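Heads up, the thing below is written out as structure tokens.
The values are calculated or read from the model by the stated rules, or taken from the named source; none is laboratory data. Predicted model, so just to flag it, every value in this text is computed and none were measured. Every residue, glycine as well, gets a Cβ built from its backbone with ideal geometry; the counts of neighbours run over all protein chains shown.
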Amino acid sequence: MTVRRALELPAMRRGVPEVLAGRDSLDREIRWAHAAEVANIASLLQGGELLLTTGMGIRPGAAEQRRFVAELDQLGLAALAVELGGKMKAVPAPLVRAAEQRGLPLIAFHREVRFVEITEAIHREIVDRGSELLRRGEALHRRFTGLLLRGAEVPDVLAELARFVANPVVLERAGGAVAYHAGHETDDATVLAALTSLARGLEAPPAIAAAVPMGEDEIWGRVVVLAIESPPEPTDRVAVERAVGLIALALMRDREEEGLAWRERGDFLGGLAESREGEALLGARARELGFAGDPAALLPLAATPRPGAHRLASDAAWAAARHAVQRELEERRLPLLAGLRPGDQSLLLIAGLADRGDRGRLAGLAADAAEAAAARHLGDREAIVLCVGPAAETWSEAGAGLRDTLESLPAAAHGDRRRWHDVAAADTDRLLWSLREDPELRRFAALRLGPLLERDARGRGELLPTLAALCEHGGRKAETARALGIERQSLYNRLARIEQVLGVDLADGETLLSLHLALKARRHTEPERSPRG
């Protein structure tokens with residue numbers, strides 16, 4: 001119900017209404033109608049009303065009249081209608097000017113009207129229209145629900161919505177990517193061009209958008225109706241809201257089904273090492289779960305978020321990241337089986353190799369996929385730790401290799417950063433991780449680094465990171481300075497202070513090895529305090 005529509009009602013027409021101001025604002029929506037004759041009426045309203053008055057509450061002074069209009073406009077009044085002939089013979093000029101300046105519709109009735117008839121007519125139409133919206137919305141909801149119960153998917157709901165609103169509909173992911181669109185009669189290029197214009201704030205057709213929730217705090221994306229073919233109708237908003245709820249349910253159903261499949265594959269992969277089934281049965285089970293092909297060898301891989309990974313705000317972020325890793329490897333047409341380890345949500349993978357010599361190449365592809373997924377979904381390219389096990393000829397061997405690969409994840413997560421950690425090779429970090437509970441290891445690290453830690457605690461805390469960078473670069477000072485982003489002379493000064501504090505010669509290879517081991521030991525014995533050394 002707009003002011004323009006209200007002026008067409010017979011109850012209003014009987015008063016011979018004249019629009020004195022705010023003609024450009026006649027499409028304002030009327031939420032309710034109210035009659036009052038008091039000066040402080042603004043304090044009694046909520047906004048959106050059509051206010052009917054004989055002018056008894058309007059004070060005679062120009063300043064008071066301007067203030068009266070300002071208070072009503074700030075409140076969000078839909079329109080002010082004044083009956084002439086009783087208290088007022090004409091609407092005061094200051095009142096008209098103030099209303100025109102603010103764009104507030106001001107209506108004068110030149111004949112006496114019954115305010116009760118006007119309020120009843122407006123309220124009846126508002127209620128009737130609301131009931132009609134609700135009725136049509138419930139009918140559409142039943143149609144949508146019937147579609148889903150018959151096994152229809154999200155695209156079917158969007159197509160039905162497009163038919164109802166007679167306009168194209170787009171389902172967007174939270175990042176803005178188009179997941180699906182139903183074009184109605186408009187071609188795809190026009191729909192996507194209009195969506196791009198809308199996203200960039202350029203000239204675009206009117207749109208109705210509603211978020212698609214996924215749980216309490218997560219927004220999956222949004223549904224957008226683009227009014228390209230026909231103007232938006234009031235029922236369109238109701239239709240979109242009904243559709244959004246069912247789309248969310250369908251997506252949650254799909255996510256639950258996918259989650260069950262991930263857990264099922266994870267249970268299989270996690271139990272491979274202890275399985276008593278024969279190789280033929282294990283291979284058949286793997287094929288049932290989606291592993292395709294007959295590769296020459298099997299390669300176990302495992303991945304997990306690095307402790308304290310930047311922007312790892314929710315399980316949903318990690319879920320999106322591991323899905324991205326899986327999709328990237330599958331797009332390479334690799335035989336692949338991916339699952340989740342029960343309990344800690346680590347990603348388990350077994351990939352097929354055409355030749356055992358492809359192990360390094362495949363590990364590199366997996367590292368590329370992990371880095372890209374981490375950058376996009378976790379906000380840090382180094383946020384995913386990837387371990388690669390030895391190539392295996394049988395599923396039983398692959399299971400044993402996967403078990404060792406999983407056991408290597410914690411040590412890799414707290415050790416030196418690598419694109420991928422080779423479980424098949426001897427590794428100092430894994431050795432130190434296995435000894436992390438040994439008090440002698442803690443004592444060794446404390447004795448070797450204690451004075452430096454105390455000095456850093458009193459100063460700017462730069463000496464320990466400098467020593468760590470020097471060790472990581474094998475004592476090469478030029479590379480160490482570049483890694484720290486400092487001049488070489490500044491590095492020399494720091495190294496001199498380190499030698500003085502520890503009473504050592506950093507040019508001695510055995511001394512540097514001992515300090516490097518102490519730094520690594522400290523990472524594993526105090527991972528929460530010092531995850532990166």
Could you check the stretch 267-297 and list, in sequence order, the residues that are under 30 Å from Y180 (Cα atoms) and surrounded by 13 or more Cβ atoms within 10 Å (Cβ to Cβ)?
L289, G290, F291, A292
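With the structure loaded, tell me whether L226 is in the same structural domain as A179 (by TED's automatic domain parsing), within 26 Å of the chain's Cα centre (by Cα), surrounded by fewer than 17 Cβ atoms within 10 Å (Cβ to Cβ) and farther than 18 Å from D27 by Cβ or whether it fails that test.
Numbers: in the same structural domain as A179 (by TED's automatic domain parsing): yes; within 26 Å of the chain's Cα centre (by Cα): yes; surrounded by fewer than 17 Cβ atoms within 10 Å (Cβ to Cβ): no; farther than 18 Å from D27 by Cβ: yes.
Taking the combined requirement at face value, the residue does not satisfy it.
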Report whether or not A483 is outside the structural domain of P307 (by TED's automatic domain parsing) and out of contact with any His (no Cβ under 8 Å at 6 or more places or on another chain).
no
What pairs come out if I take residues in the stretch 388-413 that are under 13 Å from L347 (Cα atoms) and pair them with residues that are in a loop (DSSP other than H, G, I, E, B) and among the hydroxyl-bearing types (S, T, Y) whose C-beta lies under 8 Å away, six or more apart or interchain?
L406/S346; L409/S346
Taking A507, is it assigned to a helix (DSSP H, G or I) and not β-branched (V, I, T)?
no
Going by what's in this entry, would A303 be described as outside any loop (DSSP other than H, G, I, E, B), small (G, A, S) and at pLDDT below 90?
no
Selection within the stretch 404-431 - in contact with a Gly (Cβ under 9 Å, 6 or more places away or on another chain), basic (K, R) and closer than 20 Å to A383 by Cβ
R419
Per the filter on the stretch 207-221, residues in contact with a strand residue (DSSP E or B) (Cβ under 8 Å, 6 or more places away or on another chain) and either surrounded by fewer than 19 Cβ atoms within 10 Å (Cβ to Cβ) or not assigned by TED's automatic domain parsing to the domain that holds A177 (or both) are A207, A209, A210, A211, P213, M214, I219
Give the residue, chosen from T428, T466, that is over 29 Å from A366 (Cα atoms) and among the β-branched types (V, I, T).
T466
Any chance the stretch 233-254 includes a residue that's surrounded by 17 or more Cβ atoms within 10 Å (Cβ to Cβ) and over 26 Å from E138 (Cβ atoms)?
no
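So that you can scan it fast, the table gives a plain yes or no per residue for (1) in the same structural domain as A398 (by TED's automatic domain parsing); (2) under 30 Å from L353 (Cα atoms); (3) in contact (Cβ under 8 Å) with a residue 40 or more places away in the chain; (4) not aromatic (F, W, Y):
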{"residue": "R242", "(1), (2), (3), (4)": "no, no, yes, yes"}
{"residue": "A321", "(1), (2), (3), (4)": "yes, yes, yes, yes"}
{"residue": "R327", "(1), (2), (3), (4)": "yes, yes, no, yes"}
{"residue": "P335", "(1), (2), (3), (4)": "yes, yes, yes, yes"}
